[in-house]
1. Apply 1/(1 + (r/R0)^6) to the Cβ-Cβ distance of residue 343 and residue 421, taking R0 = 45 Å, and write down the FRET efficiency to the nearest 0.05.
2. Would you compute, from DSSP H runs of 4+ residues alone, the mean residue ellipticity of the chain at 222 nm, taking -39500 (n - 2.57) per run and dividing by the full residue count, rounded to the nearest 500?
3. Given 0.36 nm per residue, what is the gain on full extension from residue 96 to residue 288 after removing their alpha carbon distance, in nm?
4. Can you give me the distance in nm between label points at residue 169 and residue 113, each placed 7 Å from the Cα along the Cα-to-Cβ direction?
5. Rolling a 1.4 Å sphere over the protein heavy atoms, what is the accessible area per residue of the chain, to the nearest Å²?
6. Taking the Cα atoms of the range 251-360, report the difference between the largest and smallest coordinate on each principal axis, in whole Å and largest first.
7. Counting every Cα pair in the range 138-208, what percent are over 18 Å apart?
8. Once phi is turned into ³J(HN,Hα) by the Karplus curve 6.51 cos²θ - 1.76 cosθ + 1.60 with θ = phi - 60°, what whole-Hz value does each residue of the range 395-401 show in order, with x for glycine and proline?
Amino acid sequence: MNSTFLQRRYLVSFQSRRLPHIFTDVLVIGSGVAGLRAAIEASRYGQVILVTKGQVIDSNSYFAQGGLAAVMDSSDSLASHVADTMATGCGMSDPAVVEHVISAAPDHIREMREWGVAFDMGDNGLSLGREGGHSAHRIVHAAGDATGRVLTEVLVERARQCESIKIFESCFALDLVTDPPAGGSGASCVGAITYHERYGLQFIRARQTILAAGGAGMLWRESTNPPIATADAIAMVFRAGGAVSDPEMMQFHPTTLYVAGATRSLISEAVRGEGAFLLDRKGHRFMTEYHEMAELAPRDVVSRAILQQMAQTGTTHVYLDVRHLGEEAFAARFPQIDRQCRHFEINPGTDLIPVHPAAHYMIGGARSDLDGRTNLPGLLACGEGSCSGLHGANRLASNSLIEALVIARRCGQVAGEALAAGNGQYAKEFDWANAPSTRTELDLTDIRNSLRSLMWRNVGIVRRGDRLSETLEIVNFWGRYVLDKEFYGTAGWEVQNMLTSAYVISECALRRTETRGVHYREDFPQTDPVWARHQNVRRTEYQLVVE
Ligand SMILES: Cc1cc2nc3c(=O)[nH]c(=O)nc-3n(C[C@H](O)[C@H](O)[C@H](O)COP(=O)(O)OP(=O)(O)OC[C@H]3O[C@@H](n4cnc5c(N)ncnc54)[C@H](O)[C@@H]3O)c2cc1C
């Protein structure tokens, strides 16, 4: 039987001529760093509409702590940053993209400073932090550990001042519209069907569309991501017949504050960069036994070591020890983390901080080149919802915000060039009708929670073929009665997107029969040179194509 995930093209039925139409030159989906930067650039060439499903600051970007990696000191070099990125990517980073992003990074930091981002300063210029996998101090940060907030606020302010940008908040993009409407190879993107809380369904017709809808962290029970990260980008591109690359590559962060029942908030890598230790419940510093770089080993190594140590000591978490860094110094360098700990009556100066790994960064996404071009003409993609090939099989800390800035600016320029060349078209009218569902009502909260637990258990830090197959069986079963329905609200559409993405992720995780970077297979513990390549996955009406 065909998977329901292959059959559903649009989440809702509609007659396009009956929907309110909005025409724009460029449509940007998402208001994180990628979407905002792309919109600002595109606004130099034409009219831009930016839609975002919550408020403009609801994004992963806003919560970024550590900073942006860039070579800003004469003792550092681009070659060294390139080498660190390539080494962390475990043979899967695309050299041309790495060169491009790393070389452009310093210029983007200068631009952000000119625009008003107040990066933290030291005695001799920018204060540069160091994080795991970097062989030099090159992490630019702002307000200590609130880099994402500072950066986002500056970009939001600048976007709001651009007369040619209109920002629609509470506006959920359901689907990319293609011509022909069924999508697939040869189709081009001509805008999106959106739902606005006040105005209902709308058809935004755009000559160029930039997808910047972010990551997928909410698919896992333990996650550092805010609630917006429901894998909408992967699901939208997949339904439209676009290529999704490397969705099996989810990076897990080793250290989130572990307080049962409370939100999992991130304890930045920079804390270990400043010298924090990881201890088990017996007070034993264990990372020295797992890797020569100890606490600064790559994230996947630290995450697996923590899981193993938890299993050996029969506990639900381990501890970060920052007591030797000094209470005041810690609070000054990491004010946000310090506040978060004290909220739960943990004093970092005297107490150990309970931590646990969690899903953090989706490396995979809409396949794009270094200009953000996807395989669908008219559709560009940037940020966490895309996969340019920079990160390969593992992301080097603080390389994602800088990638978002670099590729988003190019997306804006490429969209502008397409407009100037007269490329891009407005859609023709068409009707789309999904077969009506005869099945029962659903408890969406239950499905969402069950899916998140399933993904954490079976498609988490350590994976195995039989568990991945079981996941696919379950997800396909749930898909049959969730994807056959039409919802009229974001909760239902998000669950449909999460299930679709879980299907795509699990398929690719099952097919990659090796261990590489963040993808660890207990049943295939070795890295296989044959697999030093991307997996590009797309749907046709009848089959899943993985190349
Ligand atoms: C806690 C935390 C700390 C981090 N720290 C760092 C760091 O120090 N350095 C670093 O480089 N990276 C860090 N990262 C990763 C980094 O923040 C993200 O990779 C980056 O911000 C992604 O930017 P983005 O614009 O692509 O996505 P986001 O910032 O997530 O923005 C996505 C946007 O799309 C919108 N959206 C999603 N779906 C839809 C839809 N269907 N319709 C309309 N709008 C939609 C969302 O509401 C949001 O506005 C961190 C991430 C987290 C969660």
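The values are calculated or read from the model by the stated rules, or taken from the named source; none is laboratory data. It should be emphasised that the depicted structure is a prediction, and the values quoted were computed from it without experimental measurement. Positions of Cβ are generated from backbone atoms using ideal geometry, with glycine treated the same way; all protein chains shown enter the neighbour counts. Just so you know, the surface numbers come from the protein's heavy atoms only, side chains and all, with ligands and any DNA or RNA stripped out. Shrake-Rupley method; radii C 1.70, N 1.55, O 1.52, S 1.80 Å.
1. On the way: r = 53 Å, r/R0 = 1.18.
Computed FRET efficiency for residue 343 and residue 421 comes out at 0.25.
2. Working: 15 runs with 185 residues, N = 547.
Per the formula, -10500 deg cm²/dmol.
3. Details: separation 192, 0.36 × 192 = 69.12 nm, distance 3.48 nm.
Gain on stretching residue 96 to residue 288: 65.6 nm.
4. 3.2 nm
5. Details: 19890 Å² over 547 residues.
For the chain, the solvent-accessible area averages 36 Å² per residue.
6. Per principal axis, max minus min of the Cα coordinates gives 31, 31, 28 Å.
7. Numbers: 1500 of 2485 pairs.
Within the range 138-208, distances greater than 18 Å cover 60 percent of Cα pairs.
8. 8, 6, 3, 6, 8, 8, 4
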